[in-house]
Amino acid sequence: MNGDTDSPPAGAAAAAAVPAGSAAPPPPLREWEPLVELVGKIPPTVQRGLLFHDVSLTCLDSVDEFIAFGTNVGLVFLYNRKTGTVEHRLPAVSENGGSPELTCVRIISTVEYMVAAGCRTGMVTIFQIPKTPPPDVCAELLLKAKPIERYTVRGLHRAGISELLWSKNGMKLFSGDTAGVVVLTEMGYTSKTCQSREILNERYEIVQMDLRQGRWLLVSSLFRTVICSPEVATDERRWRVAQVGKKDRKTLAPFGAIFAQVHGQQQIISTRSGFRLWLADYEGNVAQTLIFKELMRGPQQHAEIPLLNPSRNPVRIPTAFGKLYPFEANQIVTVANGALFLLDLERMAIVGQLTRLRHILDVSVDRNEILILESPRSLVRIATHPDSYSRTTVVFKHMELFVSQDSQVVLADECHEEPTQCLTITGPDDGKDGTDNGGAPVEIGSAAASNEEPGEARLINVHMKKLELFDALNELKYDDSILYKSGRRSRKHRANRVNAIVEIGQIPKEFETDEEAPGGS
């Protein structure tokens, strides 16, 4: 069946099968802990010249070990979830040499970490970050520190980058902008080069892209959804384009599209107006239409995903679904108008909803967790289990929201406060002038103790505290490079240093040898 006529409304049949007023099962998702400490490790301001600029988070993406944050000052912050620190500050490249605002960031873990960042001016910056060798490798590999390499894609995008997509092996990067141009960048890691070319121009903003088996590219714009594949028989540089469905959209809308497995088959899921989803094959032929309109506006109440700090004003229910993200086995996460919905296409049910967020700037879905950038300095993590790298223990006030029916809550024993033990202070002049404290104990730290303390004893106490502070400072570890050393450093030592980021195509000065350096002896 094609897109000329809608398929039988599967949503209506499912709604009829579910009794009216029956509550949906509670969602397994929840917010386990606040991420204020994580966001606090990203500096709130940066200095450029004599001016300070506020740092706002604009986009994010995540893998198992890292979370990549894009900012409005042209920096990508990589947060290591294992160590709990921000390991890298990666500067993106701008044509005018300023600080471009990043609009999209994508990270993938292959042999090395590949990070792509797109900015509002149309530049795409790619960072190749080496992984830390395992401890069981030889010592020579551990001593050879590889630098971070940076590639730049310029001149092909003339509008802001709206979407980035990596292939699974990190060899290809697809970038789409707000003008509808899709560019393919092929990475040459051995030759240290990257080749970019335009493969599609939709003339409308690219909303979402997805890749299947490295050759089927799904592109959803404001106007339509197309599936592209290279013509291997004639020329791989030419791409064949097929539209998903034969009906054009009546209005421009930010609808998404992904590849997902439904009913045991890999299909294309495309969003349509009126809470509809199209299921199509790889040729663009629509086989079924899933309608969630009755479920969204029905009398049944959908389970709300628990939040630690929900907004008092829930968002208005949107009129259509937006971007789509695969979640776990057979569920789909969709975001629209500041709300998030968890759909089960197999059972035609809305598993959960999240309508009490302040806003949704960006979303990252990785297996069984959802990261939501709620505001420029607020991050929310929704998952089925706590973060394995978390260092925070949260005690919930309402345990009934976070405990299943099968589990049991064991009450702890009550804690009783022990009485304060006082230490008796006997001064050297007690009883000599006929005035003593009557043998009453004086608590250390009280006003009476401070008044009766002699001047000499107070000075000794202050001196001992200083000695303890100096001993603590001496035990701290420091880098030997901060020690002052007389004389000039030799070029041999300078040549062994490694740049933090190496621009591909340029030889940094730190790698110059004695023969190459001017004035070498």
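The values are calculated or read from the model by the stated rules, or taken from the named source; none is laboratory data. Since this is a predicted model, take the numbers as computed values, not measurements. Because the Cβ atoms are built from the backbone with ideal geometry, glycine has one as well, and the counts that use them run over all protein chains shown. Ligands, DNA and RNA are excluded from the accessible area calculation, which covers all protein heavy atoms including side chains. Shrake-Rupley method; radii C 1.70, N 1.55, O 1.52, S 1.80 Å.
Worth pointing out:
- Top-ranked residue of the stretch 259-295 - restricted to ones that are buried (at least 23 other Cβ atoms within 10 Å of the Cβ) and among the small types (Gly, Ala, Ser), ranked as farthest from residue 318 (Cα to Cα): 280
- Residues satisfying the stated conditions in the stretch 58-74, i.e. more than 18 Å from residue 163 (Cβ to Cβ) and assigned to a strand (DSSP E or B): 66, 67, 71
- Of all residues making up the stretch 182-195, the number that are of a type in the set (S, T, N, Q), part of a strand (DSSP E or B) and free of Cβ contacts under 8 Å to residues at least 60 places away in the same chain: 1
- Hey, residue 317 surrounded by 14 or more Cβ atoms within 10 Å (Cβ to Cβ), of a type in the set (Val, Ile, Thr) and in contact with a helix residue (DSSP H, G or I) (Cβ under 7 Å, 6 or more places away or on another chain) or not: yes
- Total residues in the stretch 344-354 satisfying the condition of being assigned to a loop (DSSP other than H, G, I, E, B) and open to solvent by less than 10 Å² (accessible area, probe 1.4 Å): the figure is 1.
- The single condition among (1) open to solvent by 40 Å² or more (accessible area, probe 1.4 Å); (2) assigned to a strand (DSSP E or B); (3) within 27 Å of residue 125 (Cα to Cα) that residue 179 does not meet is (2).
- Taking residues in the stretch 139-158 that are over 16 Å from residue 128 (Cα atoms), and partners anywhere that are open to solvent by 50 Å² or more (accessible area, probe 1.4 Å) and at pLDDT 90 or above, the pairs with Cβ atoms closer than 8 Å and at least 6 places apart or on different chains are 156/198.
- The number of residues in the stretch 45-62 that are open to solvent by less than 20 Å² (accessible area, probe 1.4 Å), aliphatic (A, V, I, L, M) and out of contact with any Phe, Trp or Tyr (no Cβ under 6 Å at 6 or more places or on another chain) comes to 2.
- Of the residues making up the stretch 228-258, those that are touching a residue at least 12 places away in the same chain (Cβ under 8 Å), assigned to a strand (DSSP E or B) and open to solvent by 20 Å² or more (accessible area, probe 1.4 Å) are 230, 237, 239, 240, 241, 243.
- Those residues of the stretch 81-119 which are of a type in the set (A, V, I, L, M, F, W, C) and open to solvent by less than 20 Å² (accessible area, probe 1.4 Å), in sequence order: 90, 92, 102, 104, 105, 107, 114, 115, 116, 117, 119
- In this entry, residue 307 is excluded by the filter for residues that are modelled with pLDDT of 90 or more, open to solvent by less than 60 Å² (accessible area, probe 1.4 Å) and either outside any loop (DSSP other than H, G, I, E, B) or at positive phi (or both).
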